[in-house]
Amino acid sequence: MIKQTTDILTGDIVENETRLSLQQLSDTCSVETEYIISLVNQGCIEPIGAEQSRWCFSGVSIRRVQKAKRLQRDLGVNPAGAALVIELIDEIERLRCKINRM
C-alpha cells in the first residue's frame, strides 16, 4: 500500500514585492536600458507606470530579462522571438501546474 503525504509550503513571494527602476533592472541584469526598453516594446516584460522615467519592474522581470538574454546569446533569438519563447515557456509551466493539481 502506498502512503501519500501532502506537504504545504508557506512563504512570501519576493519577486512580486520587489520593485526596480529601469536603471536598477538594467544594472541587475547587466544589459543596456535600450535592451530593457526593447523587451517592454515586445511585451516580454511589463513595467508599472505610464511614463518611461517612472517605470518600475517586479522581480519577475529579472528572470524574464535573464531568459531573453540567454536566448539571444545561445540561440541568436531577437527580442521579439525571445518574448514569444518566454510566453510559451510560461504557458507550459501553467499547464503543468494545472495537470499536477488534477
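A few points about this structure:
- Near the amide H of Val31, within less than 5 Å, lie no amide hydrogens of residues on another chain or at least 5 residues away, with H placed in the peptide plane.
- Cα-projected label distance for Arg94 with Glu32, points at 7 Å along beta-carbon direction, nm: 3.3
- Phi-derived couplings, Karplus 6.51 cos²θ - 1.76 cosθ + 1.60 at θ = phi - 60°, listed residue by residue for region 22-33: 4, 5, 5, 5, 4, 5, 4, 8, 6, 10, 6, 4 Hz, with x used for Gly and Pro.
- Annotation: the residues Cys97, Cys56, Cys44, sorted from fewest to most other C-beta atoms within 10 Å of their own C-beta, follow the order Cys97, Cys56, Cys44.
- Potential lengthening of the chain between Thr18 and Asn41 amounts to 6.1 nm, from the contour at 0.36 nm per residue minus the alpha-carbon distance.
No value in this document is a laboratory result; all are computed from the given coordinates. The structure displayed is predicted, hence computed values, not measured ones. In this analysis, Cβ positions are derived from the backbone assuming ideal geometry, glycine residues included, and neighbour counts consider all displayed protein chains.
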